[in-house]
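Chemist: My structure is below; once you've seen it, I'll send some questions.
The values are calculated or read from the model by the stated rules, or taken from the named source; none is laboratory data. Bear in mind the structure is a predicted one, so any value in this text is a computation, not a measurement. Here the Cβ positions follow ideal geometry from the backbone for every residue, glycine too, while neighbour counts run over all protein chains shown. Surface areas here come from the heavy atoms of the whole protein model, side chains and all, with no ligands, DNA or RNA. Shrake-Rupley method; radii C 1.70, N 1.55, O 1.52, S 1.80 Å.
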Protein chains: 2
Amino acid sequence: MNFPNRKRLILQMVEEKGSVEVKELADLLQTSEITIRRDLTAMASDGLIYRTHGGAMKVGLATNPVQFVNKTAVNSENKDHICRLAAQEIKDGEVVFMDCGSTVFRLCQFIRNKRIQVITNSIPVVNELMQSEVTVNLVGGEVDPARQAVHGLIANEHVARYHAHKAFLGVDGISAQHGLSAHSETEAGMTLAMASQADDVYLLCDSTKLEKDKYVQFAPLSLVQVIVTDPQASADVLKLYQQQGIRVLN
Amino acid sequence: MNFPNRKRLILQMVEEKGSVEVKELADLLQTSEITIRRDLTAMASDGLIYRTHGGAMKVGLATNPVQFVNKTAVNSENKDHICRLAAQEIKDGEVVFMDCGSTVFRLCQFIRNKRIQVITNSIPVVNELMQSEVTVNLVGGEVDPARQAVHGLIANEHVARYHAHKAFLGVDGISAQHGLSAHSETEAGMTLAMASQADDVYLLCDSTKLEKDKYVQFAPLSLVQVIVTDPQASADVLKLYQQQGIRVLN
DNA sequence: TCGTTTTTGATTATTTTTGAACAAATTAAA
DNA sequence: TTTAATTTGTTCAAAAATAATCAAAAACGA
């Protein structure tokens, strides 16, 4: 076993497990501990891993350029629940849209091993899925640094060139009476673009967003086929949506 | 058994198994180890395989798939020199292309505070420049995980919609006789697309790439206006380029 | 056929990689 | 704070792989 091969395997292990030990690697790669140490030192000086006493760690935490602006942390339990449900809907071979919402971002970890194609305008989603089984298609256009996503006219045109089985979208507000609403027009534009090119539109929104109206009201409820939410959602409210022919998962 | 035949079989084996050993090949192809070594050396210089001690690997497996922050570490002094020169050429208000080379990536740190617009197909460049003064425009299309960049037909079309003052591009090889060459056709396509939409094409390449021919030769030297390289570059070689009307910075 | 060129193989010297031993440094525990 | 246990850096030697040189064999063209 030569260095490039070991390097590849070590890197893969570090990525998977987060951290590794010298002994563990020496055992696994059938070589001496000192050789492993040398490998780790070399890799660390290249910035590939973070060297620790007795092993190495994923550099990702420090290097991974952008963490999702911590919005992911709030309400995380409910969001994971929503994402688990949504992930179950995705079959191998499908093409899906994912927009730049924080809930939608959480979906990444549940679909890493699916053989699907994801079309997205979210930079964090691309970073997350780039090293996974998923094939990623990135929407081109102006980058909006605040939202860490691509938006605008060109972006919408790009989306219009594709067709997907499913679209997984986030919104800032949803109500039976006024439909979907958002904080900004640019986000609304992308949501519309993706929705109109997908067979089924899935809205991922935790229960705090139900029956709330925000700045821009941009689409009727009929745009969506499925709403995925958490168990805290009131049954009465959900019934409102179901009466309009929408499937509800919670 | 002649060289073309061995070459074909070796390539096939490398593709299948990911990595091969000299002994293994000598045994299988009924020839001596030294002949195999010669074959491997020749193939490696064409960029078909990655040479290792005792064998060879698939190119994709050897080049680290994640974080190419490491690649920037090798030859970093020379690369910084190149980037400093290149950065000085960029004036506020300009629009520039940046491709997905590792040298080009290093340019990011030198242009963070410029009021310019960058159009790029490189994910690391986007991550790096997203929180800076620079306005970023991302090229859309299929994401190539190995290169951490967007490539392909759609990507090239996207580039064709824009015009830039300058393009900063990396290549794998350059020679006075055969022009520009690359390891893969997809990279070559993006380079061409950007070059044809820019007023001035700047080639960022350290001296190790001068007078080297790689797998795909895709453009004549006349495509570029400026070559930026390091002080190690031989004056004789640079003169060759200057005679063809190219400006050389080093 | 002969002479030339190309390819292959063998030998030796050099380089690279690996492993072992031991002192120095770091961490954890008392 | 001191002691013990790990881990690491350093030096050296052995093993493996490579480069370089030269000779033999095969292929080629006249």
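Chemist: With the other protein chains left in place, how much accessible area per residue, in square angstrom, belongs to the range A:76-249 at a 1.4 angstrom probe?
Modeler: 39 Å²
Chemist: Let me ask something else. Can you give the calculated 222 nm mean residue ellipticity of the protein assembly as shown, where each DSSP H run of n ≥ 4 adds -39,500 (n - 2.57) and the sum is split over every residue, rounded to the nearest 500 deg cm²/dmol?
Modeler: Theoretical 222 nm ellipticity from helices: -11000 deg cm²/dmol.
Chemist: Let me ask something else about it. Based on Cα coordinates alone, diagonalise the gyration tensor for the protein assembly as shown, multiply each eigenvalue by 5, take square roots, and list the semi-axes in whole Å, largest first.
Modeler: Semi-axes (√(5λ), whole Å): 44, 29, 20.
Chemist: Using alpha carbon centroids, what distance separates the range A:83-122 and the range B:7-46, in Å?
Modeler: 41 Å
Chemist: For the range A:3-61, what does the relative contact order come out to in percent, with C-alpha contacts under 8 Å and a separation of six or more?
Modeler: 36 percent
Chemist: Work through the residues other than residue B:172 whose Cβ is under 10 Å from its Cβ and net out their charges, Lys, Arg +1 and Asp, Glu -1.
Modeler: +1
Chemist: Also: To the nearest 0.05, what FRET efficiency results for residue A:28 and residue B:15 with a Förster distance of 35 Å applied to their C-beta separation?
Modeler: 0.85
Chemist: Can I ask one more? Can you give the relative contact order of chain B as a percent, counting alpha carbon pairs under 8 Å and 6+ residues apart?
Modeler: 15 percent
Chemist: Residue B:241: net charge of surrounding residues, Cβ under 14 Å, Lys/Arg +1, Asp/Glu -1, itself excluded?
Modeler: Result for the local shell: +2.
Chemist: List the distances, in nm and shortest first, from the label point of residue B:24 to the matching label points in every other copy, placing each point 7 Å from Cα along the Cα-to-Cβ direction.
Modeler: 2.7
Chemist: Strictly over 29 Å apart at the Cα level, which of A:58/B:214; A:79/A:214; A:58/A:114; A:17/B:209; A:58/B:166; A:114/A:239 would you flag in this model?
Modeler: Too far apart for the 29 Å limit: A:58/B:214; A:17/B:209; A:58/B:166; A:114/A:239.
Chemist: Explain nothing, just the number: dipole magnitude of the range B:184-250 about its Cα centre with +1 on each Lys and Arg Cβ and -1 on each Asp and Glu Cβ, in debye rounded to the nearest 20.
Modeler: 120 debye
Chemist: Something else: What do you reckon, how do B:50, A:215 stack up by accessible area (1.4 Å probe), largest on top?
Modeler: A:215, B:50
Chemist: Which order do you get for A:216, B:125 if you rank them by accessible area with a 1.4 Å probe, largest at the top?
Modeler: From most accessible down to least: A:216, B:125.
Chemist: Whenever you get a sec, line up A:51, A:37, A:115, B:6 from highest to lowest accessible area (probe 1.4 Å, protein heavy atoms).
Modeler: Final ranking, largest accessible area leading: A:115, A:37, A:51, B:6.
Chemist: Roughly to the nearest percent, how much of the accessible area of the range B:76-249 is carbon and sulfur, given a 1.4 Å probe?
Modeler: Carbon-and-sulfur percentage of accessible area, whole number: 46.
Chemist: The range B:192-235 to the range A:176-232: how many Å between their Cα centroids?
Modeler: Between the Cα centres of the range B:192-235 and the range A:176-232 lies a distance of 48 Å.
Chemist: For the range A:3-61, take N as its residue count and report Rg(C-alpha) divided by 2.2 N^0.38 Å.
Modeler: Dividing the Cα Rg of the range A:3-61 by 2.2 N^0.38 Å gives 0.95.
Chemist: Cβ under 15 Å from residue B:53's Cβ, residue B:53 left aside: what net charge do those residues give with Lys, Arg +1 and Asp, Glu -1?
Modeler: Taking every other residue near residue B:53 into account, the sum is +3.
Chemist: Which Rg and Dmax, in Å, describe the Cα atoms of the range B:76-249?
Modeler: 14.8, 42
Chemist: Shortest first and in nm with one decimal, please list how far the residue B:176 label point sits from its counterparts in the other copies (point 7 Å along Cα→Cβ).
Modeler: Ordered by increasing distance: 8.1 nm.
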